[in-house]
1. With bins 5 Å wide starting at 0, give me the P(r) of segment B:126-190 over every alpha carbon pair, in whole percents.
2. Roughly what angle does helix B:39-70 make with the longest principal axis of chain B, taking Cα atoms, 0 to 90 degrees, to the nearest 10?
3. Assign unit charges at the C-beta atoms only (+1 for Lys and Arg, -1 for Asp and Glu), then state the dipole size of segment B:2-209 relative to its Cα centre in Debye, rounded to the nearest 20.
4. Can you tell which of A:184, A:163, A:57 lies farthest toward the positive end of the dipole of segment A:2-209, using +1 and -1 charges on the Cβ of basic and acidic side chains (Lys, Arg; Asp, Glu)?
5. Hey, any idea what Rg/Rh is for segment A:37-159, computing Rh the Kirkwood way over Cα pairs?
6. Please give the charge dipole size of segment B:118-219, origin at the Cα centre, charges +1 on K and R Cβ atoms and -1 on D and E Cβ atoms. Round to the nearest 20 debye.
7. Which of A:46, B:52 has the fewest other C-beta atoms within 10 Å, and how do the rest follow up to the most?
8. For segment B:2-209, what size does the Cα cloud have along each of its three principal axes, sorted from largest down, in whole Å?
Protein chains: 2
Amino acid sequence: MRDSYREQLESVVDDMVRLSQLVSTATRNASQALLTADLQLAEQVISDDVQIDNLAAELEQRCFGLLALQAPVAGELRTVIVAVRLLADFTRMGDLAAHIAKIARLRYPDHAVPADLEPNFNRMSEVAVRMIGEASDALRNRDTGQARRMAERDEEMDDLRSSQFRLMLADDWQYGVEAAVDVALLGRYFERIADHAVTFGREVVYIVEGELSGDEVWS
Amino acid sequence: MRDSYREQLESVVDDMVRLSQLVSTATRNASQALLTADLQLAEQVISDDVQIDNLAAELEQRCFGLLALQAPVAGELRTVIVAVRLLADFTRMGDLAAHIAKIARLRYPDHAVPADLEPNFNRMSEVAVRMIGEASDALRNRDTGQARRMAERDEEMDDLRSSQFRLMLADDWQYGVEAAVDVALLGRYFERIADHAVTFGREVVYIVEGELSGDEVWS
């Protein structure tokens with residue numbers, strides 16, 4: 001029973017990694033659909049989102065089963081709690097990728113992103129996908145050094161978003177209100193995906209080191 | 001010990017209600033700061049957000065303590081798990097209220113919301129504050145009927161947001177790109193607060209009835 005319990009716990013972590021890879025794929029595909037006005041790929045991201053939701057729901061049930069039947073303590077309790085919390089982040093990141101794809105679909109066959117902002121969004125996408133991948137690797141390898149690097153990576157995302165605002169609010173903005181609204185929301189979605197990746201990294205540190213905001217009093 | 005455990009559990013629920021009231025106040029004040037260009041009130045919402053974060057962090061520690069030391073099962077486990085999950089929602093709602101206040105502060109002494117959209121945002125604020133209050137009452141009274149009403153209330157929020165887009169993207173939009181970007185983001189923040197209130201309602205149903213997405217297999 002105890003062995004099987006450990007195996008169940010390990011398989012939860014493995015599936016968390018798998019779920020984060022689905023989120024990474026969704027983000028990458030949504031970005032590509034957006035930047036190339038690829039309607040088919042946008043539709044795929046939107047319809048595939050249910051896979052992320054289903055895996056998250058299934059994992060949640062397994063976590064609840066572990067809590068109810070095994071009453072884990074200390075590091076194992078932390079792992080299960082973090083899994084339950086991170087499932088909400090992963091589900092949300094999938095939703096955000098779908099939101100990006102929906103804007104691509106709404107503007108098709110036009111490009112939602114004005115030409116001047118393509119390099120910016122291309123880089124946003126690279127940073128977001130890289131952050132998810134690094135946090136995912138950090139979870140798999142229990143690598144707190146890598147997990148801690150997320151906040152640093154996020155600074156570039158903030159800079160990219162500031163650049164977008166500067167371009168949109170400059171006197172020579174030539175793309176009109178609709179494009180500005182799209183850019184504001186798209187920039188927000190990418191920024192939020194990166195924020196969730198920062199949370200992901202923080203939770204990995206918490207699993208490994210058992211400290212969150214420096215005040216663990218319960219294990 | 002068992003009595004004290006029940007008291008701890010009850011006090012977690014009481015403090016969840018209290019936390020949701022702080023979130024409601026933050027949302028109401030942020031809306032008022034936005035609609036009246038009240039810099040002082042905006043600053044207050046932004047600085048008070050730490051109270052929500054601190055109460056949430058403290059409650060989280062108490063939930064972890066209950067899980068680690070009491071190994072709750074069935075309905076009590078559900079209550080603790082829901083509390084842990086909802087803390088993330090409440091923290092996020094507080095952040096969103098602060099985001100609204102920050103836009104009010106950024107545009108002060110101007111009004112961030114164009115005059116034509118004031119009634120719309122006024123109603124968004126009313127709907128959001130009402131949803132939080134109703135979900136909070138539903139938690140206190142274990143009232144699943146009220147908790148289930150959140151999704152219905154949210155439909156008005158979606159309609160209000162659609163109206164905003166219609167106004168912004170109409171040919172006679174006279175407020176320029178900056179105001180449109182502000183409206184797009186502000187509308188998004190209110191919409192997200194309402195989404196979290198819908199989640200809040202769903203979690204209350206789950207605490208009381210033990211069913212989430214109709215597939216509870218673990219208690």
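1. Calculated over all Cα pairs of segment B:126-190, the distribution is 3, 16, 21, 16, 13, 11, 8, 6, 4, 1 percent.
2. Once rounded, one gets 20 degrees.
3. Working: 23 positive and 36 negative charges, 92 e Å.
Computed about the Cα centre, the dipole is about 440 debye.
4. A:57
5. Values: Rg = 17.8 Å, Rh = 16.8 Å.
With Rg and the Kirkwood Rh in hand, the quotient comes to 1.06.
6. Numbers: 12 positive and 22 negative charges, 49 e Å.
The calculation lands at about 240 debye.
7. Working: A:46 20, B:52 24.
Neighbour counts put them in this order, fewest first: A:46, B:52.
8. 65, 33, 20
The numbers here are math on the coordinates, done by the rules we state, and not lab data. A quick note: this is a predicted structure, and the numbers were derived from the prediction, not measured. Positions of Cβ are generated from backbone atoms using ideal geometry, with glycine treated the same way; all protein chains shown enter the neighbour counts.
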